[in-house]
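S.K.: First, the structure itself, so that you have it in front of you.
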Amino acid sequence: MFALTLPSFVRRSLAVIACLAIAGCTVERPPATVCTGLEAVAPASFLPSTARLVEADQTTSVIIADAITEAIQETRRGPVELEVLTLSSGGQYGAFGAGFLRGWSENPVTPRPQFDLVTGVSAGASFSPVPYVGSEYDAFLDVFRGGAEEDVFERLPLALAPFQSSLARPTGLETILRSQLSDKFIEDIARRYREDGAELLISAVNIDTAENRVFNIGAIANAAAPAQARRDCIVAAVMASGAIPGLFPPRNIDGNLYADGGLRDHVFFQSLESERAAAARRTGRDIRVNATIVVNGALAPFDQPATDTLPGYITRSAEILADEVLRDSIIETIAFAEERPGWELRGVIADVDISSCGADAASGTFDACVTEILFDHGRSVASTVPIAWKDADALREKANEF
């Protein structure tokens, strides 16, 4: 649903990428993480016991139907309210979302609720398990505060670029994910999926087929397999969702290459509405959706002119396209929710001044000054009473500014 702006490192390397395209160099496909041999032990109430770990778009509605069924069973009287959280992509701006979730738990009046459905893409996918499981794991969010480039990835020598599948390796981020995803964390993800029927879905794009794919993280955590195998598959899915084309290598999962989920739109809201309406007809219950969108981006204009080089022109054009996809996605999401009865939509945007960090920081890869300001701003916004939510009109106005 949300796109990602290109970091400065990619800008400086576009000339190399152009050379690679001309040269037509062949690179070795990344090694595969095998997940198809694992079977998910699904909740007996809905999904078949042989449900696959990696769910395609056409089965997303089946996954969401289980969450709705559980919510109906837990709400004996009155309206059934589904709490839904969507976390966008955004590179270093993901620090805003991490800080916001941290502060939301600390809000003395309206603390962060327990969600029936959490979705995430790219940066949002990397910390999506935290709001899915609960505030017990909020310390995980703190690693995004003050995160610098060296904490996230390592650059590869440009001389080796013709023989690599990317310009950098996200070794730091992967190390963080693996260290944070303890056996207990994985078991708690599985428990929410198994006992509560809640769903944690992240997306990536299959660059072999150009299809969007939805990874059912709850099912992965609940699989009848060793914790290490489940951890490998969760990390692979998260890293695939955040594999910025050109900067980070695509992820090979079961022989298919996956890259940044921001390349395509989410499908979750459509599936959610289809199953909500079907369940309402079937049960006669009033089923409502409280959807919260955390936009990990500023939706701000460019504060510097394009660089007067061919790569500079190409890069600025790509940045404008990414910004437009982000805005269009917000507008389409608002329109979708407003057209459906029983939907309530609210959101927040990373709208904060980071000029004190320097002219290049806003469009950089990961700058410690920027991520600290973003995290602290998000935490402050969410812990303030009342939270300054943007309603549908305010979100639309921001997205329509340019």
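S.K.: What residue, of Cys25, Cys19, is in a helix (DSSP H, G or I) and at pLDDT below 65?
M.R.: Of Cys25, Cys19, the one residue that is in a helix (DSSP H, G or I) and at pLDDT below 65 is Cys19.
S.K.: Just one of (1) open to solvent by 10 Å² or more (accessible area, probe 1.4 Å); (2) assigned to a loop (DSSP other than H, G, I, E, B) trips up Ala243, so point out which.
M.R.: Failing condition for Ala243: (1).
S.K.: Looking only at region 315-360, which residues are surrounded by fewer than 20 Cβ atoms within 10 Å (Cβ to Cβ), small (Gly, Ala, Ser), at pLDDT below 85 and closer than 30 Å to Val143 by Cα?
M.R.: Ala318, Ala322, Ser355, Gly358, Ala359, listed by residue number.
S.K.: So, one more: Where residues in region 387-397 are open to solvent by 40 Å² or more (accessible area, probe 1.4 Å) and in a loop (DSSP other than H, G, I, E, B), which of them is farthest from Thr333 (Cα to Cα)?
M.R.: Taking the candidates together, the pick is Ala388.
S.K.: Scan region 134-148 residue by residue and report those that are in a helix (DSSP H, G or I) and buried (at least 24 other Cβ atoms within 10 Å of the Cβ).
M.R.: Within region 134-148, Leu141, Phe144 meet the criteria.
S.K.: Got at least one residue in region 291-311 being open to solvent by 10 Å² or more (accessible area, probe 1.4 Å), at pLDDT below 80 and in a helix (DSSP H, G or I)?
M.R.: The answer is yes, given that some residue of region 291-311 is open to solvent by 10 Å² or more (accessible area, probe 1.4 Å), at pLDDT below 80 and in a helix (DSSP H, G or I).
S.K.: Quick one: in region 166-210, of everything that is of a type in the set (Val, Ile, Thr) and open to solvent by less than 20 Å² (accessible area, probe 1.4 Å), which residue is nearest to Arg29 (Cα to Cα)?
M.R.: Of everything passing the filter in region 166-210, Val205 is nearest to Arg29 (Cα to Cα).
S.K.: In addition: Which one of these does Glu70 not meet: (1) touching a residue at least 60 places away in the same chain (Cβ under 8 Å); (2) farther than 16 Å from Arg346 by Cβ; (3) buried (at least 24 other Cβ atoms within 10 Å of the Cβ)?
M.R.: Here Glu70 clears every test but (3).
S.K.: Still on this structure, I have one more. Give region 102-140 a look and list any residue that's of a type in the set (Phe, Trp, Tyr) and under 16 Å from the mean Cα position of the chain (by Cα), or say none.
M.R.: Listed by number, the residues that qualify are Phe115, Phe127, Tyr132, Phe140.
S.K.: To continue, here is another question. I need the full set of residues from region 195-218 which are in a helix (DSSP H, G or I) and modelled with pLDDT of 90 or more, in order please.
M.R.: Selection gives Ile217, Gly218.
S.K.: Follow-up question, since we're still on this one. Of all residues in region 226-268, how many are at pLDDT 85 or above and under 27 Å from Leu85 (Cβ atoms)?
M.R.: Total meeting the criteria: 18.
Here's the yes/no breakdown for (1) hydrophobic (A, V, I, L, M, F, W, C); (2) part of a helix (DSSP H, G or I); (3) at positive phi:
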position	(1), (2), (3)
Ile330	yes, yes, no
Arg346	no, no, no
Val352	yes, no, no
Phe366	yes, no, no
Cys369	yes, yes, no
Gly378	no, yes, no
Val385	yes, no, no
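The values are calculated or read from the model by the stated rules, or taken from the named source; none is laboratory data. For clarity, every value in this text was computed on a predicted model and none was experimentally measured. Cβ: placed from backbone, ideal geometry, glycine included. Neighbour counts: every protein chain shown. Ligands, DNA and RNA are stripped out before the accessible areas are found, and what is left, the full protein with its side chains, is counted by its heavy atoms. Shrake-Rupley method; radii C 1.70, N 1.55, O 1.52, S 1.80 Å.
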